[in-house]
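Shown next, in structure tokens, is the structure this report addresses.
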Amino acid sequence: MLLTCTLGLKIGFPATFLMFKFNAVKVLMVTCVGGIAGNVFFTNLSAAILKALHHFRVKRHLIHRRRIFTKFNRRVIRIKQRFGLAGIAFVTPIFLSTPIGAFVAERFYRDKKKIILYLSMASIFWSFTLYFIVLFFYDSVKGWML
């Protein structure tokens, strides 16, 4: 269960909720610890991948002195300025997955401690939110989960 929560809350939460049968402490502990562990692991992995990619581009002389701004680059910059790290962290556990969210955050922001903090706070927030939503609407969604 912990491993599935490291990959993404949308995968690990339903399985954890059913396995521990409403036990709030166990469900929240596993989902929060799994989310935080996934954030730490994938942020460091993303940093290593980006560093290796940079060294590869330097070695092959693929880095230009003058920045080339394409439509994609402009969109990425606009999204970064509009939402920031908090926006990326907020949507990561539910809409993106932990590996993708950590990679995007590491790509835009280099402060690993801040990235891990924001992503972990978002994981904890969504763990509690999903737990109480499912607990509140359990009778309505009971047929979907079994």
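The values are calculated or read from the model by the stated rules, or taken from the named source; none is laboratory data. No experiment lies behind these values; they were computed from the predicted model shown. No Cβ is skipped: glycine too gets one built from the backbone with ideal geometry, and neighbour counts run over all protein chains shown.
Take the conditions at pLDDT 85 or above and surrounded by 11 or more Cβ atoms within 10 Å (Cβ to Cβ) and apply them to residue 116. Does it pass? Answer is yes for this residue. Scanning the stretch 65-107 for residues that are over 14 Å from the mean Cα position of the chain (by Cα) and either aromatic (Phe, Trp, Tyr) or under 22 Å from residue 33 (Cβ atoms) (or both) yields 69, 72, 83. A count restricted to the stretch 63-98 and to residues that are in contact with a helix residue (DSSP H, G or I) (Cβ under 7 Å, 6 or more places away or on another chain), within 15 Å of residue 125 (Cα to Cα) and among the β-branched types (Val, Ile, Thr) stands at 4.
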